[in-house]
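What follows is a set of notes on a single structure, which appears directly below.
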Amino acid sequence: MGSALRKESANGSTQQKKTGLGDLPESCVATVLMNLDPNDICSLAKLNKAFRGASSADFVWESKLPTNYHQIVEKIFEEDDDSDKLPVYSCKKEIYASLSRANFMDDSKKMVWLDKSTGGICMAISAKGLSINGIDDRRYWSHIATQESRFSSVAYLQQIWWFEINGEVEFPFPEGTYSVFFKLQLGRPYKKFGRQLCNTEQIHGWDVKPVRFQLSTSEGQRSVSQCFLDGPGQWLHYHAGDFVVKKSEGLTQVKFSMMQIDCTHTKGGICVDSVMIYPSTFKERLKRF
């Protein structure tokens, strides 16, 4: 080994050959990269040829993917059960990149993506993907286009006596604990002179009785909570409950609802953007109520 690190000079003497990162075997580099997050892996790929090659190794990126990523890809990209329409990937890095993008499902009513910082699966269900009481009656509800929503529109309630929203998803969630949030805003969004503003004049009824949230899963888990809506003019995430996925095989069905059905008073002036399902590690970042 010592002779391999020496080279003979012109006058017959030997000199020590310096070693660097470029001399590390790709397999060793890849083992190190497995312990880093995806952003760091991509940054280190720029160092030299060894790191560039190691950063594309399948076993590196497979360690960043959910264990049931095959099921997730099939669920996201399935179209009329036609397997020929599923995307074809040449390596695991491409699968990771594909899942990390915003992937729309169910006529663009749902969105699924892989969070790059945690590797957890996230989902958003738009207002159009929810069952909302009276949504087709323009006297009560309307859809408003806005750049504040990832779905480009929100449902706005002017006034109603019976307020109820229900939703349901079936998805191959990886093992872990998940939190469900309703993303809401008291007030009507609008733009003026290029600025995004919020009209809070029609907000009423939400301080009389609390809103009730319910959550249940196909595994028999249930959660019930309630709170008053507050924070006019702000998009807030209201925590509806948590659920645990113990096995990644198969689909987990999650049902959730939000209601305020005390008909002694009307309520209105609220925007419904979406329902969010995140790994529970996000809870403290989003939870306010």
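The values are calculated or read from the model by the stated rules, or taken from the named source; none is laboratory data. Since the structure is predicted, the reported quantities are computational estimates derived from the model, not experimental observations. Positions of Cβ are backbone-derived with ideal geometry, glycine not excepted, and every protein chain shown enters the neighbour counts.
Residues in segment 105-148 that are of a type in the set (G, A, S), at pLDDT below 95 and buried (at least 17 other Cβ atoms within 10 Å of the Cβ): G119, G120.
Matching residues to (1) in a strand (DSSP E or B); (2) in the same structural domain as K267 (by TED's automatic domain parsing); (3) within 29 Å of F243 (Cα to Cα):
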| site | (1), (2), (3) |
| --- | --- |
| D136 | no, yes, no |
| S142 | yes, yes, no |
| S149 | no, yes, yes |
| Y156 | yes, yes, yes |
| E164 | yes, yes, yes |
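Scanning segment 166-194 for residues that are without any contact (Cβ under 8 Å) to a residue 60 or more places away in the chain and outside any strand (DSSP E or B), we see that the one that is nearest to I76 (Cα to Cα) is G194.
Evaluate segment 183-204: report whether one residue or more is assigned by TED's automatic domain parsing to the domain that holds S153, of a type in the set (A, V, I, L, M), on the phi < 0 side of the Ramachandran plot and under 25 Å from the mean Cα position of the chain (by Cα). Within segment 183-204, one or more residues are assigned by TED's automatic domain parsing to the domain that holds S153, of a type in the set (A, V, I, L, M), on the phi < 0 side of the Ramachandran plot and under 25 Å from the mean Cα position of the chain (by Cα).
Going through (1) surrounded by 16 or more Cβ atoms within 10 Å (Cβ to Cβ); (2) in contact with a His (Cβ under 9 Å, 6 or more places away or on another chain); (3) aliphatic (A, V, I, L, M) one by one, L286 falls short only on (1).
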